[in-house]
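Please read the structure below before turning to the comments.
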Amino acid sequence: MAARIIDGKALSRRLREEFRGRVGKLATQGVVPGLAVILVGDNPASRVYVGNKVKACAECGVASFHHALPAEASEAEVLACIDRLNADPAVNGILVQLPLPPHIDVRKVLEAIAVDKDVDGFHLYNVGGLVVGNTIFPPCTPYGVQLLLETTGTEVAGKNVVVVGASNIVGKPMALMLLQKEATVTVCHAKTRDLAQHTILADILIVAAGKPGLIVPRMVKEGAIVIDVGINRLADGRIVGDVDFAGVKEKASWITPVPGGVGPMTVTMLIENTLRSTERAHHLRKDDDYQDCEAPAVKAHADN
């Protein structure tokens, strides 16, 4: 029996409908959430990603501020831009689009963003918070994956989860978030020997390696849930993930498509974090409230 599709587009639409309601409540207080995006250089893929974020802001009623700097901009210029945005009360979230030109220290730039405006969740404070389970802003892609898993109705606690890919953006924070859910987590990476011996044991397999076709059917346990975070453009122009979708869907119980799975959720969770930042700044919500505010939309999707 073919796997059921975990529809990231559908869940994203539901969440954004909820976001519009939250933006409306903020408007009654005279508050407009604002997200600032800094783009350094003219990377075509980065331009597309920034455009998607600006479009999502407009859809949800969030103000967006686009700061485009030339590729030759100095590190000091980037840091000065961040300083201005940190001090701007109209800006509730700051995102620096990666990658940055090689002459700019990425870590220094990310750490310059005010913790209360770090809606990408990359500041050391937020990354450290993942370890103890109380980060303010979870990194957007792992956050989206977590909600996609919830739509399957699967209890994560006690499950064997294998994360393929150990990046600071997806793999490592994803593992930490799943540990907080009491899963048994294995992280595989480029130096892992015999990848298949790990993936075949996974009840939940999350793949974020950036290598098309890396995961084939023989590497997947019958009935596993497969989340494909990879986005790869082939020579013929097709966009594919890291998983052999056609083959693996015949073994998995649930699977995300590429495109249309994790991708839409990454941008959606960026908006969620921006709203969270705005609500916290205006004392309209406590951190303890957020766990419950996400559940209705996720449960509605799971019931379909």
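The values are calculated or read from the model by the stated rules, or taken from the named source; none is laboratory data. Keep in mind the model is a prediction, meaning the values are calculated, not measured. When we count neighbours, we look across all protein chains shown, and the Cβ atoms used for this are built from the backbone with ideal geometry, even at glycine.
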If I go through the stretch 234-280 residue by residue, how many of them are part of a helix (DSSP H, G or I) and either surrounded by fewer than 21 Cβ atoms within 10 Å (Cβ to Cβ) or not acidic (Asp, Glu) (or both)? 21
Just checking, does the stretch 15-32 include any residue being closer than 26 Å to residue 99 by Cβ, touching a Gly at 6+ places or on another chain (Cβ under 6 Å) and not assigned by TED's automatic domain parsing to the domain that holds residue 251? no
The residue that is modelled with the lowest pLDDT, considering only those in the stretch 64-85 that are under 24 Å from residue 31 (Cα atoms) and surrounded by fewer than 16 Cβ atoms within 10 Å (Cβ to Cβ), is 66
Scan of the stretch 148-172 for residues that are more than 22 Å from residue 201 (Cβ to Cβ) and either free of Cβ contacts under 8 Å to residues at least 40 places away in the same chain or surrounded by 22 or more Cβ atoms within 10 Å (Cβ to Cβ) (or both), ordered by number: 151
In the stretch 7-122, which helices (runs of 4 or more DSSP H) lie fully inside it and hold 2 or more residues that are more than 24 Å from residue 173 (Cα to Cα)? 8-28, 44-60, 75-87
Among the candidates 150, 111, 155, residue that is among the acidic types (Asp, Glu) and closer than 21 Å to residue 12 by Cβ: 150
Given the stretch 125-230, what strands (runs of 3 or more DSSP E) lie entirely inside it while holding 2 or more residues that are more than 23 Å from residue 5 (Cβ to Cβ) and of a type in the set (A, V, I, L, M, F, W, C)? 184-188
Among the residues of the stretch 119-134, is there at least one that is in contact with an Asp or Glu (Cβ under 7 Å, 6 or more places away or on another chain), at pLDDT 95 or above and surrounded by 21 or more Cβ atoms within 10 Å (Cβ to Cβ)? no
